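To start, the structure itself, in structure tokens.
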């Protein structure tokens, strides 16, 4: 199974553990294939540096750790997806280019995409909370 683990889940896993940490651990162990992009890694780096004051050397270690178990892909810059939050396009573009089965996220705007009447999932990519992912894909968790 190919999964985009959104920035908010990676941060929760790093600082608070719990169910988000178990999802990241599945990717680290090779039971899931995480996919990411330079844009998502840059967002993670910015949030960790600005909001959590993680020092540069530690940031480098965190990013290297993620890259040790995630496939780095290059999203299509021309992907045309209508979303409420323009920042979510990079997550969806990563999922599409990386042929992800789902995005694991806590982002309300991404999660709300599945609730829009008559709107199919973006290129068959599900958006799931950590809890929903663990319930639906229990054989991996």
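Values as computed for the structure displayed
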{"quantity": "Residue under evaluation residue 107, criteria (1) under 20 Å from residue 129 (Cα atoms); (2) at pLDDT 95 or above, criterion not met", "calculated": "(2)"}
{"quantity": "Failed item, numbered, when residue 20 is tested on (1) part of a helix (DSSP H, G or I); (2) free of Cβ contacts under 8 Å to residues at least 60 places away in the same chain; (3) within 23 Å of residue 131 (Cα to Cα)", "calculated": "(2)"}
{"quantity": "Verdict on residue 99 being surrounded by 12 or more Cβ atoms within 10 Å (Cβ to Cβ), modelled with pLDDT of 85 or more and part of a helix (DSSP H, G or I)", "calculated": "no"}
{"quantity": "Residues of segment 45-76 that turn out to be over 18 Å from the mean Cα position of the chain (by Cα), exposed (fewer than 14 other Cβ atoms within 10 Å of the Cβ) and not in a helix (DSSP H, G or I), as a count", "calculated": "3"}
{"quantity": "Test result for residue 39, assigned to a helix (DSSP H, G or I), modelled with pLDDT of 95 or more, out of contact with any strand residue (DSSP E or B) (no Cβ under 9 Å at 6 or more places or on another chain) and under 20 Å from residue 3 (Cα atoms)", "calculated": "yes"}
{"quantity": "Selection status of residue 82, at pLDDT 95 or above and either assigned to a loop (DSSP other than H, G, I, E, B) or over 11 Å from the mean Cα position of the chain (by Cα) (or both)", "calculated": "no"}
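The values are calculated or read from the model by the stated rules, or taken from the named source; none is laboratory data. Quick caveat: nothing in here was measured; it's all calculated off a predicted structure. Reconstructed Cβ throughout: ideal geometry from the backbone, glycine too, with neighbour counts over all protein chains shown.
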